[in-house]
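The structure appears right after this line, and notes come after that.
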Amino acid sequence: MPEDMQDIALVRLAQGGDRRAFELLVVRHQRRLARFVSRYVRTPQEVEDLVQEAFLKVYRGLHSFRGESTFSTWLHRIAGHTAQNYLDYMRLRPRAPAGDAENESVTEMSGVENSPENILMSKQIAETVSRAIDRLPAVEREALVLRELEGLSYEQIAQRMQCPNTTVRTRVFRARERVAQELEPLLQPTRGKRW
Amino acid sequence: MVTTEAISELFDNEIEPNRLLAVVGSVEHDPSMRERWTVFTMISDAMAGVPWPDDGYSLRLFERLRGVEIDPDYNPLKV
């Protein structure tokens, strides 16, 4: 499927009132959006607040998305707009007395995302995924990398690997399942608390 | 019956249109399908070097989304 069709099926469902379709889009895009927003603001709490604001605006204005760009591009534009508005507001607002500002920044810096547990968890997830991918059968690793890192469609991967589309589908799925199995011990304690 | 392989196809935007509703519907009714979508996203983000913060991230966002409706007159790029 060409890049401009990415997510379009879920967006159309969401525009028709299917909230679950929108939630799938949120889960898919929220962390990359957080990384984008973190270029504008410093603290984890500000990042999370702006990401939430962006998604609220996106949902409310979903009918205005016409597919002229990808959903991801449109989402990032709105987030950038939201972040810039916030920065402009912060520049113009009256400053608190020095003592209060110090306390405020300490509170913000101890936001959830920066906790030692979360930093460790992020690192463990990244390391586990990397190790698991190294251990995949070569054809499954190749299919997953072509899909995830080069963004190729199944058809493009099939041409590259000289195999049927159905084989690509199975290889990508099996690769994900093997990696997911290795992540299981890390994720099991918090099952049900993510979504 | 919807399988986790179908979730993988949906994740890659490769699901056939006539199966789309059933697969999205399975996410609504089956927590294991929601978990699969989350784990596939986690793998994708990890491969792209995107950190994965605390597990309540999505839930806090969905809580805020609860009170929001689509507004046909609202343009998010004009506010």
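The values are calculated or read from the model by the stated rules, or taken from the named source; none is laboratory data. Only a predicted model underlies this, so the values are computations on that prediction, with no experimental measurement involved. Virtual Cβ from ideal backbone geometry, glycine too; neighbours counted across all protein chains shown. In case anyone asks, the SASA skips ligands and DNA or RNA and just uses the protein heavy atoms, side chains included. Shrake-Rupley method; radii C 1.70, N 1.55, O 1.52, S 1.80 Å.
Among the helices (runs of 4 or more DSSP H) confined to region A:125-195, the ones with at least 1 residues that are under 21 Å from the mean Cα position of the chain (by Cα) and of a type outside the set (Asp, Glu) are located at A:138-148, A:165-187. The helices (runs of 4 or more DSSP H) located wholly in region A:9-121 that include 2 or more residues which are at pLDDT 90 or above and open to solvent by 40 Å² or more (accessible area, probe 1.4 Å) occupy A:19-37, A:44-60, A:71-92. Considering region B:12-26, the residues that are within 8 Å of chain A (Cβ to nearest Cβ) and out of contact with any Asp or Glu (no Cβ under 8 Å at 6 or more places or on another chain) include one that is nearest to residue A:147 (Cα to Cα), namely B:12.
Scanning region A:13-52 for residues that are in contact (Cβ under 8 Å) with a residue 12 or more places away in the chain and polar (S, T, N, Q) returns A:15, A:30, A:43, A:45.
Right, residue A:190: open to solvent by less than 70 Å² (accessible area, probe 1.4 Å), under 24 Å from residue B:58 (Cβ atoms) and either among the β-branched types (Val, Ile, Thr) or more than 10 Å from chain B (Cβ to nearest Cβ) (or both) or not? Yes; evaluated as a whole, the condition is true for this residue.
Note on region B:55-68: residues that are more than 7 Å from chain A (Cβ to nearest Cβ) and within 20 Å of residue A:12 (Cβ to Cβ) total 0.
Here is the figure for region A:114-134: residues that are in contact (Cβ under 8 Å) with a residue 40 or more places away in the chain and either more than 12 Å from residue A:183 (Cα to Cα) or β-branched (Val, Ile, Thr) (or both) total 5. Pairing residues of region A:54-75 that are within 19 Å of residue A:27 (Cα to Cα) with residues that are open to solvent by less than 20 Å² (accessible area, probe 1.4 Å) and polar (S, T, N, Q), at Cβ distances under 9 Å and at least 6 apart in sequence or on separate chains, gives A:54/A:82; A:55/A:30; A:57/A:82.
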